[in-house]
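The values are calculated or read from the model by the stated rules, or taken from the named source; none is laboratory data. Here the structure is a predicted model, which is why all the values come from computation and not from measurement. Cβ coordinates were reconstructed from backbone atoms using ideal geometry, including for glycine residues, and neighbour counts include every protein chain displayed. Note: areas computed on protein heavy atoms with side chains; ligands, DNA, RNA excluded. Shrake-Rupley method; radii C 1.70, N 1.55, O 1.52, S 1.80 Å.
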Amino acid sequence: MKDFVAEDLAHIWHPCSQMKDYVDRNLPLLPIERGEGAYLIDYDGNRYLDAISSWWVNLFGHTHPHIVKAICLQAAKLEQVIFAGFTHEQAITLANRITALAPRGLNRVFFADNGSSAIEVAIKMAFHAKLNEGKTRPMIVSLTNSYHGETLGALAAGDVDLYKRIYAPLLFRTAQAKSPALCNEAEAIADMRRVLEINRDQVCAVIVEPLVQCAGDMAMFDPSYLKALRALCDEFGVFLIADEIAVGFGRTGTLFACEQAGISPDLMTLSKGLTGGFLPLSLTLATNAIYDAFYDDYAKGKSFLHSHSYTANPIGCAAANASLDLLADGSVLATNRIKAQRIADGLKLIAQIGGTANFRQRGMIAAFDVTGFSANDRVGVRIAKEALKRGIVLRPLGNTVYFMPPYIVTIDEIDRLCDTTAEIVKGL
Ligand SMILES: Cc1ncc(COP(=O)(O)O)c(C=O)c1O
């Protein structure tokens, strides 16, 4: 059989990686031949339960036949068309469906092709909408420990030091208010008020990951904070951007996490699960009020002149529509509640093992920390390697172990995931 790893290392530079780790074989680099349901399968036929939904994207399992069919049909019909001056049925259908499902008031849909780009769009729209109203407000406020992507605007908005520190000289100025996941809620709200007051008339928007700061070690907070944040944004006349890229499409137990707070943001970003995890596509949803701020004669210079070559790619839109077909079956969220409870039960068993702490869960996202290790111990890498040996894909964030399985995971697979994780943690 081909030595795929050697061939890979000859040319490929992997994301979010120190390549020397692969060359030295400190980190596994596993060639995957195919996917099937909740499993990734290597060239020796070994099956790995994808407990992280392949970077949080997969909803209904790998190679789901309904989505595969939709992609094939669309590819044979119209694979791509420039989206300025042209339109197509898949994008129209998707926009209709998403605006019907999204929190009230988000009636306008702008397409891009990955999560970070959707964030760039939201930031630019927020700034530009205020500018079109005659206000120059170049600042974004986010939460400490937040993550919004890796492109420069998204990185500036985020606050995970590991990714941001080095590029700080390249980034536009933002401010952070305390995350309610890391202090008590009243303190977080007071801090947001303080930041908005200090930067009064400078801030165009506050951006938040509703309920779970996923890349921020799966830090979680309550819906009540979002309600208070919505009120603060209204009080200070700033837009609220909900980044539901990781938590959207049912991950936290409701279709969108904002629903649990009963709020509507002014802008909302979606990607990852949007296509069921098949293709890169993203959306920035906006209110009519924001849309209207740009709507004028071309010569007035108010237009939103942002684009990507693959904006609203028809095959990506077809995958998204097929994924929405599967989500439309009302039983998905109800079944997930049963599965989430089973994960909760499994976590209780893991909690009995010494050296674990901070158990937390929102719907189909669950996490805990292993204690007693420093960052240099890279305990997460050890856990990931042990999990692979046992046929499970885990990818801890530092000392945080988390589960975010595809929704088709079975009760038996959840039990195996929890039992195996317990065994690994015991052996550390
Ligand atoms: C909340 C959140 N926003 C934005 C992004 C960036 O998305 P992408 O990786 O598609 O650029 C991510 C990615 O993990 C995310 O979790």
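Only one entry in 103, 65 is more than 16 Å from the ligand (Cβ to nearest atom) and surrounded by 14 or more Cβ atoms within 10 Å (Cβ to Cβ), namely 103. Of the listed requirements (1) open to solvent by 10 Å² or more (accessible area, probe 1.4 Å); (2) touching a residue at least 60 places away in the same chain (Cβ under 8 Å); (3) over 15 Å from the mean Cα position of the chain (by Cα), residue 279 misses just one: (3).
Regarding residue 212, is this residue under 25 Å from residue 402 (Cβ atoms), of a type in the set (Val, Ile, Thr), within 16 Å of the ligand (Cβ to nearest atom) and open to solvent by 20 Å² or more (accessible area, probe 1.4 Å)?
In short, no.
Checked against (1) within 16 Å of the ligand (Cβ to nearest atom); (2) closer than 27 Å to residue 293 by Cβ; (3) open to solvent by 30 Å² or more (accessible area, probe 1.4 Å), residue 231 meets all criteria but (1).
Considering the stretch 359-385, the residues that are open to solvent by 60 Å² or more (accessible area, probe 1.4 Å) and either acidic (Asp, Glu) or touching a residue at least 40 places away in the same chain (Cβ under 8 Å) (or both) include one that is nearest to residue 30 (Cα to Cα), namely 385.
Filtering the stretch 282-295 to residues that are open to solvent by 10 Å² or more (accessible area, probe 1.4 Å) and touching a strand residue (DSSP E or B) at 6+ places or on another chain (Cβ under 8 Å) leaves 287, 288, 291. Please work out which residue is surrounded by the most Cβ atoms within 10 Å (Cβ to Cβ), limiting yourself to the stretch 106-140 and to residues that are more than 14 Å from residue 239 (Cα to Cα) and within 11 Å of the ligand (Cβ to nearest atom). Checking each candidate, the answer is 118.
Among the residues of the stretch 259-276, count how many are at negative phi, within 17 Å of the chain's Cα centre (by Cα) and of a type in the set (Gly, Ala, Ser). The total comes to 2. Pairing each residue of the stretch 112-124 that is touching a residue at least 24 places away in the same chain (Cβ under 8 Å) and under 13 Å from residue 310 (Cβ atoms) with any residue that is more than 7 Å from the ligand (Cβ to nearest atom) and assigned to a helix (DSSP H, G or I), provided the two are 6+ apart or on different chains, yields C-beta distances under 8 Å for 112/118; 112/120; 112/121; 113/316.
Screening the candidates 201, 217 for the property of being open to solvent by 20 Å² or more (accessible area, probe 1.4 Å), within 16 Å of the ligand (Cβ to nearest atom) and touching a residue at least 40 places away in the same chain (Cβ under 8 Å) yields one hit, 217. In the condition set (1) within 19 Å of the chain's Cα centre (by Cα); (2) assigned to a helix (DSSP H, G or I), residue 168 is compliant with all but (1).
For the criterion of being open to solvent by less than 30 Å² (accessible area, probe 1.4 Å) and either touching a Lys or Arg at 6+ places or on another chain (Cβ under 7 Å) or not polar (S, T, N, Q) (or both), residue 168 fails. When the strands (runs of 3 or more DSSP E) confined to the stretch 349-428 are screened for residues that are of a type in the set (Phe, Trp, Tyr), those reaching at least 2 such residues are found at 400-403. Of all residues in the stretch 387-419, those being under 20 Å from residue 28 (Cα atoms), over 26 Å from the mean Cα position of the chain (by Cα) and in contact (Cβ under 8 Å) with a residue 12 or more places away in the chain number 1.
Go through the stretch 141-154 and count every residue that is touching a Leu at 6+ places or on another chain (Cβ under 7 Å) and open to solvent by 10 Å² or more (accessible area, probe 1.4 Å). Adding up the residues that qualify gives 3. Any idea which of (1) more than 16 Å from the ligand (Cβ to nearest atom); (2) surrounded by 14 or more Cβ atoms within 10 Å (Cβ to Cβ); (3) of a type in the set (A, V, I, L, M, F, W, C) is the one residue 92 doesn't satisfy? Failing condition for residue 92: (2).
For the stretch 239-291, a residue qualifies if it is among the acidic types (Asp, Glu) and away from the ligand (no atom under 13 Å from the Cβ), and the qualifying residues are 259, 266. Scanning the stretch 162-172 for residues that are over 22 Å from residue 127 (Cβ atoms) and more than 16 Å from the ligand (Cβ to nearest atom) returns 165, 166. Within the stretch 173-186, if we keep just the residues that are loosely packed, with under 14 Cβ neighbours inside 10 Å and assigned to a loop (DSSP other than H, G, I, E, B), the residue that is farthest from the ligand (Cβ to nearest atom) turns out to be 184.
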